[in-house]
Amino acid sequence: MKLDARKIGLAIAAPLLAIVVAVVITSLVLVLSGDPVGPVWKVFLSSPAEGMPATMLNDTAVLYLSGAAVAIGFRMNLFNIGVDGQYRVGMFTAAWFAGNGWLPGPLNVLVAVILSMVAAAAWAAIAGVLKVQRGVSEVISTIMLNSIATGLVAWLLTKTATSAAGSNATGTKPIPESSHVPALPFLNTAYSNVFGLSLLAVIVGIVYWFVLGKTRFGFDLRMTGSSESAAVASGVSVKRMTLTAMILSGAVAGLVGMPALFGQDYNYGTNSQAGLGFAGIAVALIGRNHPVGIAFGAFLWAFLNGQANSLQINAGVSPALVSIIQGVMVLAVIIAYEIVRRMSVRMERRQVAAQLAAGATTPVATQGASA
C-alpha cells in the first residue's frame, strides 16, 4: 500500500496545531490572571501521583463510552446532547434491578447491563421519533429530555431509595456482593483498582470501528449523515436511519454508568457522578469521531481531571483552570481541523489544476515538436 505523505502530514499537523493553540491561549490566560505559567505546565507534564493512574484509566473508560455514544450521532449528523439523561435513566434502571437481587451473581450483572442499554435506548428513541415524525430538532428535544430525566430519576429515587445510617445520602438498594464485578487482575500495582467493566469501553470501540467502517449499515449511516439526497438516491430510508442512530447512541449511553456502578458505587443515588454526558461531547469532538481518536480524547480529559488537584498543591493555581484548558482544547481542535481541512482542499485544487494544465499543454507541445 502506497503511503500518501501529504495526507500523513496533514493528519499530524491538525492535532499538533491544536495543542500549540491550546498551550498559547492557556498561557495567555495565566499571564492575564497573574498566575505562574512555568509551574502550571510543569505540573501537567509531571508524573501523576500514586494511585492516580488507576483513577485516570477508570475515567478514561467512562468518558470513552460517553464519547462513543455522542460520536454515533455525529456520524449521522445528529447532535445528541441527551447522553447525560440517557445514562441517568439507564444507570438507575440497572441499579434498581441489580439491587433487588432477583437473579444470582454474574447473571444479575448481565441482565442489569442489558436493561440499562434498553432503558437508555428507549429514552433516546423519544428524541428520534420526534425528529422523524414531527421534525423536532434533536438538540432541543434532548436538552428537554435531560431535564425531564433528572427530575424523573430523582422522583423515582424518593420511591425506591434507602438511606444509609449516619448519612444524608440516599440511593437504591445496595447490589448484592455476589454481583460485584472485581477489578482487573493487575495485582500489586497502581492499576489494581481499574473497574472490571472498563473492558466495555474496549468492546464498544472495536464494535464501533467494525460496524461503522466495515459494514454496509455503517456505510449507509455515514452516507446519510453526509448527504441525505445521496442516501435517498441509493434507496436508504433517512427516517429509519435517523431513528436507528439515535437508538444505538442511547444504547451505548446506557453503558456509561456500568463500570462505576458494579465496581465501586454498588447503588445509584445522590452521590453518583453527573455530567459525564456533556464531557462525552467534548471527547467526541477532540477525537473527531474516530475510535482511536476518542480514546485519545478520553485519556486526555481524564489526565487533566486527575492533575487538577496537583495544580492547587504544587502550583498554587485553582483546579478550575483545568476547565478552561479543556474548553480551550475543544475550540482549538475545531479551529485547527478546519484550518487543515481548508489547506487540504486548496492543495487538492492546485494539484488538479496543475494536472489539467499539463494535460492541455502536452498535445500542443507534441504537435509542435512533430511539425
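Here region 273-340 is treated as a sphere whose radius is the Kirkwood value from Cα pairs; by Stokes-Einstein at 10 °C and 1.306 mPa s it diffuses with a coefficient of 126 µm²/s.
Phi angles of region 78-84 translate, via the Karplus equation with coefficients 6.51, -1.76, 1.60 and θ = phi - 60°, into HN-Hα couplings of 10, 9, 7, 8, x, 4, 4 Hz per residue; Gly and Pro are given as x.
In this structure, the amide hydrogen of residue 170, modeled 1.01 Å from its nitrogen in the peptide plane, lies closer than 5 angstrom to those of 270, 271, counting only residues at least 5 positions away or on a different chain.
Once you have a ≥ b ≥ c as the square roots of the Cα gyration tensor eigenvalues for the chain, tell me rounded if a/c is under 1.5, and otherwise prolate or oblate according to whether a/b is larger than b/c. Oblate, because a/c is 1.5 or more while a/b does not exceed b/c. In the context of the full set of protein chains, residues of the chain present 51 Å² of accessible surface per residue (probe radius 1.4 Å, heavy atoms only). Most fluctuating residue of 148, 12, 281 in a GNM of the chain with Cα springs under 10 Å: which is it? Per the Cα network of the chain with a 10 Å cutoff, 12 tops the list. Between helix 321-370 and the chain, what is the angle of the helix's C-alpha long axis to the longest principal axis, kept within 0 to 90° and rounded to the nearest 10? That works out to roughly 20 degrees. Leaving out same-chain residues fewer than 8 places away, which aspartates and glutamates sit with a Cα under 20 Å from that of residue 173? Candidates past the 8-residue exclusion: 265. Relative contact order for region 85-149: 42 percent, from Cα pairs under 8 Å spaced at least 6 residues apart, divided by residue count. Between 0 and 90 degrees, the angle of helix 238-253 with respect to the longest Cα principal axis of the chain falls at about 50 degrees. Rounded if a/c is under 1.5, else prolate if a/b is larger than b/c, else oblate: which is region 48-116, with a ≥ b ≥ c the root eigenvalues of its Cα gyration tensor? Oblate.
When the solvent-accessible area of region 222-360 is split by element, carbon and sulfur atoms take up 60 percent of it, the probe being 1.4 Å. Selection among 268, 232, 293 by position relative to the dipole of region 176-293 gives 232 as farthest towards the positive end (Cβ unit charges, Cα centre). Overall dimensions of region 1-151, expressed as equivalent-ellipsoid semi-axes from the Cα gyration tensor (√(5λ), whole Å, largest first), are 37, 25, 19. Among 206, 72, 175, the residue with the largest mean-square fluctuation in a Gaussian network model of the chain, with springs joining Cα atoms closer than 10 Å, is 206. Mean residue ellipticity, 222 nm, helices only, the chain: the sum of -39500 (n - 2.57) across DSSP H runs of n ≥ 4, divided by residue count and rounded to 500, is -24500 deg cm²/dmol. Taking a ≥ b ≥ c as the square roots of the Cα gyration tensor eigenvalues, with a/c under 1.5 meaning rounded and otherwise prolate when a/b beats b/c, else oblate, which class fits region 229-371? Judged from the Cα gyration tensor, region 229-371 comes out oblate (a/c at least 1.5, b/c at or above a/b). Once C-alpha pairs closer than 8 Å and six or more residues apart are averaged by separation and normalised to the residue number of the chain, the relative contact order reads 32 percent. Over region 1-137, what percent of the accessible surface lies on carbon and sulfur atoms, probe 1.4 Å? Ligands and nucleic acids excluded, carbon and sulfur give 72 percent. In a reduced charge model with +1 at each Lys and Arg Cβ and -1 at each Asp and Glu Cβ, the chain shows a dipole moment near 1120 debye about its Cα centre. The angle between the Cα long axis of helix 5-33 and the main principal axis of the chain comes to about 60°, on a 0 to 90 degree scale. For the listed peptides 74-83, 342-351, 292-301, a ranking on the average number of other beta carbons within 10 Å per residue, highest first, reads 74-83, 292-301, 342-351.
The values are calculated or read from the model by the stated rules, or taken from the named source; none is laboratory data. Remember, it's a predicted structure, so these values are computed and weren't measured experimentally. Note: ideal-geometry Cβ built from the backbone for every residue, glycine included; neighbour counts use all protein chains shown. We work out accessible area using only protein heavy atoms, side chains counted, and drop any ligands, DNA or RNA first. Shrake-Rupley method; radii C 1.70, N 1.55, O 1.52, S 1.80 Å.
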